[in-house]
Amino acid sequence: MAELPQARDDRSLGELLAELTREITTLVRQETALAKAELGQKASRIGAHVASLAAGGAIAYAGFLAILAAIIAMLVDAGMPWWASALLVGVAVAAIGSFLLWKGIASLKREDLVPRQTLESLKEDTQWARRQTT
């Protein structure tokens, strides 16, 4: 088998180390930008879930007040004691609010906060740096 001619690099060791340092600095900057972008995307999705939680809580509270007043008045007019009608309405509204809160919490638990792309890229960069120094 014929050997391929090896490319000769006439740069000094100092020049090579300086270039390696520049490349590593650029790489670290790019990895930092990637991590910021990835975490920004995840934070945006989490913000939407938190907004859902807040909306669910606010709706449950508003529902509690409106339904409580209307249904209690209706049940009292129908002959039910006020305490029994208030208990019935309170349980129903609490169930709806609990469901909305549960849904929001479940959505937050499914979110993966680890910047996986950045970690994978850092592993590749570490391998690249090792190959460059050998």
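The values are calculated or read from the model by the stated rules, or taken from the named source; none is laboratory data. Being a predicted model, the structure only gives us computed values, none of them experimental. Cβ placement follows ideal geometry from the backbone for every residue including glycine, while neighbour counts extend to all protein chains displayed.
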Self-check item: In region 78-97, the residues that are outside any helix (DSSP H, G or I) and either at pLDDT below 90 or small (Gly, Ala, Ser) (or both)
Solution: Ala78, Gly79
Quiz prompt | Checklist (1) at pLDDT 85 or above; (2) assigned to a loop (DSSP other than H, G, I, E, B); (3) closer than 30 Å to Thr133 by Cβ applied to Thr26, failing item | solution = (2)
Quiz item: How many of the residues making up region 45-65 are closer than 30 Å to Val89 by Cα and touching a residue at least 60 places away in the same chain (Cβ under 8 Å)?
Solution: 1
Quiz item: Do you know which of the residues in region 79-97 that are free of Cβ contacts under 8 Å to residues at least 24 places away in the same chain and not hydrophobic (A, V, I, L, M, F, W, C) is surrounded by the fewest Cβ atoms within 10 Å (Cβ to Cβ)?
Solution: Gly79
Self-check item: Considering residues of region 106-122 that are assigned to a loop (DSSP other than H, G, I, E, B) and in contact (Cβ under 8 Å) with a residue 12 or more places away in the chain only, the residue farthest from the chain's Cα centre (by Cα)
Solution: Pro115
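So that you can scan it fast, the table gives a plain yes or no per residue for (1) exposed (fewer than 12 other Cβ atoms within 10 Å of the Cβ); (2) in contact with a Leu (Cβ under 7 Å, 6 or more places away or on another chain); (3) assigned to a helix (DSSP H, G or I):
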{"position": "Ser52", "(1), (2), (3)": "no, no, yes"}
{"position": "Phe64", "(1), (2), (3)": "no, no, yes"}
{"position": "Ile71", "(1), (2), (3)": "no, no, yes"}
{"position": "Leu101", "(1), (2), (3)": "no, yes, yes"}
{"position": "Gly104", "(1), (2), (3)": "no, yes, yes"}
{"position": "Thr126", "(1), (2), (3)": "yes, no, yes"}
Quiz prompt | Condition met for Glu111 (touching a helix residue (DSSP H, G or I) at 6+ places or on another chain (Cβ under 7 Å), over 30 Å from Leu17 (Cα atoms) and loosely packed, with under 15 Cβ neighbours inside 10 Å) | solution = yes
Self-check item: Matching residues, region 10-44, being touching a residue at least 60 places away in the same chain (Cβ under 8 Å) and either of a type in the set (Gly, Ala, Ser) or loosely packed, with under 13 Cβ neighbours inside 10 Å (or both)
Solution: Ala35
